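S.K.: Below: one structure in structure tokens.
The values are calculated or read from the model by the stated rules, or taken from the named source; none is laboratory data. In this text the structure is predicted, and so the values were computed from the model without any measurement. With ideal geometry, Cβ positions are generated from the backbone for all residues, glycine too; neighbour counts draw on all protein chains shown.
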Amino acid sequence: MRADRLWMNARIATMAADQPGLGAIEKAAIACKSGVICWIGPMSEVPGALTAAATDDCAGRWITPGLINCHTHLIYSGQQAHAFEMSLSGADDGEIARAGHGPWSIVEATRAATIGQLVFQATRRLDVLIADGVTTVESKSGFGFDLWTEQKQLEAARLLPSRRDITLVATYLAAMVEPPGASGDVAAQTDRVCKEMIPRLAAAGLADSVDVVMGDRTFSAGQTARIFDAAVAAGLPVMLHADQLSHSHGADLAAQYRALSAAHLDYADENGAAALARAGTVAVLLPATSYFNRAQQMPPVKHLRAAGTRLAIAADGSPSAPLLSPLLAMNMAAVLFRLTVEECLLGVTRHAAAALGRAAHIGTLETGKACDLAIWDIERPADLVHRIGPSPLHARIWQGLG
Ligand SMILES: [Zn+2]
């Protein structure tokens with residue numbers, strides 16, 4: 001067996017489901033052929049016939065799967081720092097909107113931006129994720145509301161892998177923000193999403209999945225179900241922003257449609273948690289949102305855990321919660337939600353892969369899976385969750401490259 005590359009003398013957290021805990025292997029080696037893991041195990045068991053074109057001595061460093069950030073809003077123009085500044089000085093949402101700095105300003109700036117500008121801005125955000133060892137990222141549209149802008153955002157997403165070595169999953173997000181002084185017509189928007197946007201974006205191959213922001217000010221349960229029906233008809237899997245600001249049975253609806261993931265879930269209840277587990281839908285926790293909102297209501301981790309729902313964690317990178325570090329997201333999930341180190345690491349590897357429907361290819365270090373690695377200067381995996389500050393990333397390997 002001739003590998004392209006062999007990493008020796010490592011400590012490896014495989015995150016494999018058939019091994020306990022992190023699936024740790026001390027004094028381990030991992031070999032790559034054509035971008036795929038061709039051998040992994042203890043160095044004492046490396047086959048005598050295994051040779052490699054290049055060998056790296058990891059000097060006892062830890063290797064985890066390349067991190068997967070399974071929920072982001074990477075592609076938009078504008079920023080919300082002015083709104084943040086005004087809110088800290090006591091302004092309310094109405095005053096911020098009337099001053100031109102509310103969420104609608106992101107829609108206007110994104111509509112005005114060229115694809116080149118969106119790609120440039122998103123690449124800068126992507127570089128922050130990459131510095132934390134991210135090898136797969138999901139990116140949502142959702143700041144245009146019209147076909148042209150949503151298409152432009154998704155085209156920009158499709159261009160990112162030509163700028164950086166990254167696996168990118170593009171999601172069309174149906175969202176709604178009302179223009180200042182006007183009220184949006186959500187029913188008419190639902191029609192446009194179902195009859196125009198999803199069929200066209202799917203036919204153009206621009207979306208891998210469809211997400212909906214369900215809530216009091218956006219789409220109702222009935223409207224969300226219609227959008228999900230349109231996505232299913234177009235052959236696309238669905239995701240949901242669910243139960244973020246109130247208990248609206250979003251988790252139940254996501255489960256009913258066997259959504260890949262349901263995100264936020266701050267107000268989901270025990271029944272919703274159980275429904276997600278039965279459907280195999282991954283719960284995506286976004287602790288930066290809870291942090292920025294100084295949320296009193298936290299996701300029902302106790303119920304999700306008891307039900308056996310898989311938990312993923314993401315840095316959402318949205319204009320209002322612009323965190324782009326999955327390491328800090330893990331720390332926040334541990335501190336705010338009391339997730340364990342094992343739950344945190346599963347949340348950015350194996351369970352994040354499941355949240356994107358890619359579990360067969362990424363998320364664990366096993367023979368036959370993509371050779372996406374993060375190599376860390378740490379003493380133990382808990383360092384990745386505990387520390388705040390510069391990334392301890394030593395090297396990042398994407399499909400054997402890096
Ligand atoms: Zn989101």
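S.K.: Among the residues in the stretch 332-355, are any of a type in the set (Lys, Arg) and out of contact with any helix residue (DSSP H, G or I) (no Cβ under 9 Å at 6 or more places or on another chain)?
M.R.: yes
S.K.: Among the residues of the stretch 114-156, write down those that are in a helix (DSSP H, G or I), within 16 Å of the ligand (Cβ to nearest atom) and either surrounded by fewer than 23 Cβ atoms within 10 Å (Cβ to Cβ) or within 14 Å of the chain's Cα centre (by Cα) (or both).
M.R.: Result: 125, 129.
S.K.: Would you say residue 244 is over 19 Å from residue 352 (Cα atoms) and either within 15 Å of the ligand (Cβ to nearest atom) or crowded, with 21+ Cβ neighbours inside 10 Å (or both)?
M.R.: Yes, satisfied.
S.K.: Within the group 20, 65, 42, which residue is within 26 Å of residue 392 (Cα to Cα) and touching a residue at least 60 places away in the same chain (Cβ under 8 Å)?
M.R.: The conditions single out 65.
S.K.: Hand me the list of helices (runs of 4 or more DSSP H) wholly inside the stretch 257-355 holding 3 or more residues that are within 30 Å of residue 107 (Cβ to Cβ) and of a type outside the set (Lys, Arg).
M.R.: 287-292, 326-337
S.K.: Give the stretch 251-277 a look and list any residue that's buried (at least 24 other Cβ atoms within 10 Å of the Cβ) and over 14 Å from residue 304 (Cβ atoms), or say none.
M.R.: Residues satisfying the conditions are 253, 259, 260.
S.K.: Test residue 327 against the stated conditions and say whether it is away from the ligand (no atom under 16 Å from the Cβ) and either of a type in the set (A, V, I, L, M) or under 30 Å from residue 11 (Cβ atoms) (or both).
M.R.: So residue 327 fits the description; yes.
S.K.: On to the next question. With the checklist (1) assigned to a loop (DSSP other than H, G, I, E, B); (2) in contact (Cβ under 8 Å) with a residue 12 or more places away in the chain; (3) touching a helix residue (DSSP H, G or I) at 6+ places or on another chain (Cβ under 6 Å); (4) not hydroxyl-bearing (Ser, Thr, Tyr) in hand, flag the one item residue 359 doesn't pass.
M.R.: (2)
S.K.: Pairs under 8 Å by beta carbon, first residue under 16 Å from residue 221 (Cα atoms) and among the basic types (Lys, Arg) in the stretch 257-272, partner assigned to a loop (DSSP other than H, G, I, E, B) and away from the ligand (no atom under 16 Å from the Cβ), six or more apart or different chains?
M.R.: 258/280
S.K.: With the structure loaded, tell me whether residue 398 is among the aromatic types (Phe, Trp, Tyr) and either in contact with a Ser or Thr (Cβ under 6 Å, 6 or more places away or on another chain) or closer than 18 Å to residue 299 by Cα (or both) or whether it fails that test.
M.R.: yes
S.K.: Related question: Within the stretch 165-180, identify whether any single residue is in a strand (DSSP E or B), more than 16 Å from the ligand (Cβ to nearest atom) and touching a residue at least 40 places away in the same chain (Cβ under 8 Å), and answer yes or no.
M.R.: Checked the stretch 165-180: at least one residue is in a strand (DSSP E or B), more than 16 Å from the ligand (Cβ to nearest atom) and touching a residue at least 40 places away in the same chain (Cβ under 8 Å).
S.K.: Return yes or no: is residue 213 within 16 Å of the ligand (Cβ to nearest atom), at pLDDT 95 or above and buried (at least 21 other Cβ atoms within 10 Å of the Cβ)?
M.R.: Yes.
S.K.: From the list 295, 234, 306, pick out the single residue that is within 16 Å of the ligand (Cβ to nearest atom) and not hydroxyl-bearing (Ser, Thr, Tyr).
M.R.: Only one candidate qualifies: 295.
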